[in-house]
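Working notes, beginning with the structure itself.
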Amino acid sequence: MGHSNWSDAAFAARQAERKARKTNAFDYDQHVRSTGKVAVHPEMHIFGKTRESRDSDMHPQSVAIAIIFDVTGSMGTVPRVLQQKLGSLMRVLLLRGYVDDPQILFGAIGDAYCDSVPIQIGQFESGLEMDDNLGKIYIEGGGGGQIFESYELALYYMAYHTSIDCYEKRAKKGYLFTIGDEKPYPYINVDQVRHHIGDELSQALSLDSVVSELNQRYHHFHIIPTNTSHGKNSEVQQAWRDLLQERILLLEDADAVCETIALTIGLCEGSLASLALGESDLHKAGADKQAIQAASNALTRFAKSTPKALPQASGTLLALEDGASHDDLDGRL
Amino acid sequence: MQSNLADLLEQLQQISQPSQLFGTLDGDQRSALRRKYHQLVAQAHPDLHPHEQIAAQEALRQINEWYQQAQAQLSQGVYGKSITLDLNTPFGHFVSYNEPWQGDLCALYPLVDNGQKLLLKVVRKGQNNDLMEAEAAALQRIERGLHGDPLRGHFSSLYESFLWKSEQGALHRVNLLGQIEGCFTLSSVIKAFPKGLDLADAAWIFNRVLAALAKTHQLGLVHGAVLPCHILIDPRDHNGILIDWCYSVPIGERIRSISPSHKADYPPEVLQKLPAQPATDLYMAARCMLHLLGAKHELDELSPAVPKAMQALLRACLIPAPHRRYGNAWQLFDDFRTLLEKLYGPARFRPFPAINLV
């Protein structure tokens, strides 16, 4: 997966065409609502499947970027905002060169204890298809009465069922942004994993162990839009902070979600020396002022905590591989 | 020998190593070098080339430069060797002529920079960069916490940490460490004494390891791979140094990777991915001691010559459940000292048995 080239122009044309047809990006959502047949779109179905982000001739330095958001009742507007803003995220990432060949995956989660469609995850794509994938998400708007959603199921899937060349070939971590205003359940439920993903687990896994596995291959950030039902709930914020420390981003304005993602990647890649530079990058790329400010506010805490990027050396090292007696990853636990 | 100046100049243009100019140096290398140098100077001397003064001067200048480099290489013992490492870093230009040592995860290039002996440790697979990061973090923590402490000498030193980009575009983490001289790994000692070392001779080694671990744990760290290959000993002054901090974690976190060939030396909590504790290191230290005293695998292989009290102490370190095991390095250190006093009387320096270690 992940082979076509993103084109800003194609996206704009696509939007224009939609406007002309007066349909919105959420075709599938409308389809479900009009037919009343509640099901995961076949291409967003993950049972027994792996999602792959691959290098290709056109995209030799792919970087996997996954964005999975909560589609329960409290979060209803976020996916629509994401879809509208997508053009500028891709443009900023490409034009500013934060990453060479971004490949983006979209997914949605709900509550596996009560929703009909609690997990939907698309493919990693480098072109217009990701707009298609967004269009295949059904926004169930469910969720239970408590403040938990099944984020852990998505984290489990990303940790164990994705294969990404940026890490496997070049030891470069991908990115995962989860977005939501509630807490993950502390354990991975054996029945839910069997039912939705198709794995047989011998016992429930702790969320910590899944996150630690995930952190091997992804920079994981959680974005809490604070203008949602539970976004200001301190219990929710603390739960994520315990899990991810400084990698929790409090976003005052959900409209700024794409700008926040772009800035975060820029900071992690070390291509942005400071948050202020990132702001001006976004401005040049055409993002609106309010959104930039909101993104920047969300990132202040993280930006302070990021260690300076390590200096780089160039030159030759001969005999680096000689005498390796086994696969260097054999010792991994 | 070059017959004319033009040939000599052409040769000078093509070489990249002094040995390509001066050739193999037999016998007393310095005298041999001087002789070849004089031959070349005689050949290029401006007096012999009255019509090519400028070319002759240039040839002489280059010969002198190569002569200086050859002398420098001779004094470093690297004359005629080819370059294995040539790196431009923000901290300087590093060159090494030595074959790297290969560890479990890294290649280690010994090199000399401004007279200082360094070890450039490069991770072979970028996927293990996180382990190098753990080493850098642990060594920085140790330097901050133990600066000026007499026990600082039980630990390695980190000078710099940076990334190297390979031709394939992969980033490999590099840790630049101080080279530790005159030491041997505990593995080589174990190999040299297959029937086991006398406890009286092995005692100081255990003491150094325990002191180093006590400090490590005070700093909130677990070493995570206390194995014979990670313990260096200096038979001259009986120092012990704990090296390779790639596997270290803060107390309470799980150890992420093991050395596969030493799987049997890890306590159960590591393989079960449970939190690492000071007791984890003490278990592994006791396994080292077990091997040092002559047991390849289990306690019951120890010769009856190993005092019963020592066997009991080791058993208490090797209890599978971490919370029942020794969990405090200083406590174990004290108990071991009491045991030694009972067995041998007050501590005194015993010269290490003379044996060839490699």
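Residues of chain B: accessible area per residue at 1.4 Å, in Å²? Write out the running numbers ahead of the final one.
Numbers: 16820 Å² over 358 residues.
Accessible area per residue: 47 Å².
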_region A:123-269: radius of gyration and largest Cα-Cα distance (Dmax), Å_ = 15.7, 44
*Taking all pairs of distinct alpha-carbon atoms in region B:1-81, Kirkwood radius in angstrom*: 12.9
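Could you pull out the longest piece of chain B with no exposed loop chymotrypsin sites (Phe, Trp or Tyr not before Pro) in it, calling a site exposed if DSSP puts it outside H, G, I, E, B and it has at most 16 other Cβ atoms within 10 Å?
Details: sites that count: B:Phe91, B:Phe349.
That gives B:92-348 as the longest site-free run.
Show that you can apply the helix-only estimate: for chain B, add -39,500 (n - 2.57) for every DSSP H stretch of four or more residues, divide by all residues, and state [θ] at 222 nm to the nearest 500. Don't skip to the end; give the middle numbers.
Values: 11 runs with 145 residues, N = 358.
My calculation for chain B gives -13000 deg cm²/dmol from helical runs alone.
How would you classify region B:92-172 from its alpha-carbon gyration tensor, with a ≥ b ≥ c the square roots of the eigenvalues: rounded for a/c under 1.5, else prolate if a/b is greater than b/c, otherwise oblate?
Details: a/c = 2.09, a/b = 1.38, b/c = 1.52.
In terms of gyration-tensor shape, oblate.
Computing the accessible area with a 1.4 Å probe over protein heavy atoms, can you report the carbon and sulfur percentage for region B:186-331?
Numbers: 3080 of 5470 Å².
C and S atoms contribute 56 percent here.
Just to confirm, what accessible area per residue do you get for region A:207-254 at 1.4 Å probe, in whole Å²? Show your work: numbers first, answer last.
Details: 1820 Å² over 48 residues.
With the other protein chains kept in place, region A:207-254 gives 38 Å² per residue.
Quick check on region A:232-333: take the gyration tensor over C-alpha atoms, sort the square-rooted eigenvalues as a ≥ b ≥ c, and tell me if it's rounded (a/c under 1.5), prolate or oblate. Working shown, then result.
Values: a/c = 3.33, a/b = 1.65, b/c = 2.01.
It is oblate, given that a/c is not under 1.5 and a/b is not larger than b/c.
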*Any idea how far the Cα center of region B:88-105 sits from the one of region B:152-220, in Å?*
18
*Are there residues in region B:78-127 whose accessible area shrinks by at least 50 Å² when all protein chains are included rather than the chain by itself, and which are they (probe 1.4 Å, ligands and nucleic acids not counted)?*
B:Gln102, B:Arg124, B:Lys125, B:Gln127
*Shielding by partners, peptide B:128-137 (average Cβ within 10 angstrom, other chains)*: 2
*Over region B:1-140, consider all pairs of different Cα atoms and compute the Kirkwood hydrodynamic radius from their mean reciprocal separation; express it in Å, one decimal.*
17.8
*Rank A:Leu299, A:Gln238, A:Ser53 by how far each Cα sits towards the positive end of the charge dipole of the protein assembly as shown (+1 on Lys, Arg Cβ; -1 on Asp, Glu Cβ) and give me just the farthest.*
A:Gln238
_In nm, spacing of pseudo-spin labels at B:Thr24 and B:Asp47 (7 Å Cα→C-beta vector)_ = 3.4
*Do you know which residues of region B:246-270 lose at least 20 square angstrom of accessible area in the protein assembly compared with their chain on its own, with a 1.4 angstrom probe?*
B:Arg254, B:Arg256, B:Ser257, B:Ile258, B:Pro260
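Placing unit charges on C-beta atoms (Lys and Arg positive, Asp and Glu negative, everything else neutral), compute the dipole magnitude of chain B about its Cα centre in debye, rounded to 20. All intermediate terms of the calculation are to be shown ahead of the outcome.
Numbers: 34 positive and 35 negative charges, 253 e Å.
Approximately 1220 debye in magnitude.
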*Once you sort the root eigenvalues of the Cα gyration tensor of the protein assembly as shown as a ≥ b ≥ c, which label holds: rounded (a/c under 1.5), prolate (a/b larger than b/c) or oblate (the other case)?*
oblate
*asked:* Taking the Cα centre as origin and putting +1 on Lys and Arg beta-carbons and -1 on Asp and Glu beta-carbons, what dipole magnitude results for region B:170-234, to the nearest 20 debye?
replied: 220
*Antiparallel DSSP beta bridges within the protein assembly as shown, as percent of all bridges there, nearest 5*: 60
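Quick one: what do you get for region A:182-285 if you divide its Cα Rg by 2.2 N^0.38 Å?
Values: Rg = 16.7 Å, N = 104, 2.2 N^0.38 = 12.8 Å.
For region A:182-285, the normalised Cα radius of gyration is 1.30.
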*Based on a Kirkwood Rh over C-alpha pairs, give the Stokes-Einstein translational diffusion coefficient of region B:208-299 at 25 °C and viscosity 0.890 mPa s in µm²/s.*
184
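Averaging over every viewing direction, what projected area does the convex hull of the Cα atoms of region B:79-226 cover, in nm²?
Working: hull surface 45.0 nm².
Taking the Cα atoms of region B:79-226, their convex hull projects to 11.3 nm² on average.
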*Rounded to the nearest 100 Å², what's the accessible area chains A and B bury against each other, both chains counted, probe 1.4 Å?*
3200
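Given a 1.4 angstrom probe, I'd like the percentage of the accessible area of region A:92-205 that is carbon and sulfur, rounded to a whole number.
47
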_Principal semi-axes in Å for chain B [√(5λ), Cα gyration tensor, largest first]_ = 52, 24, 16
*asked:* Treating only the Cβ of Lys, Arg, Asp and Glu as charged (+1, +1, -1, -1), what charge dipole size does region B:205-358 show about its Cα centre? Round to the nearest 20 debye.
replied: 100
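The values are calculated or read from the model by the stated rules, or taken from the named source; none is laboratory data. No experiment lies behind these values; they were computed from the predicted model shown. Cβ sites come from the backbone with ideal geometry, for glycine too, and all protein chains shown count toward neighbours. Areas reflect the complete protein model, heavy atoms only, side chains present, ligands, DNA and RNA absent. Shrake-Rupley method; radii C 1.70, N 1.55, O 1.52, S 1.80 Å.
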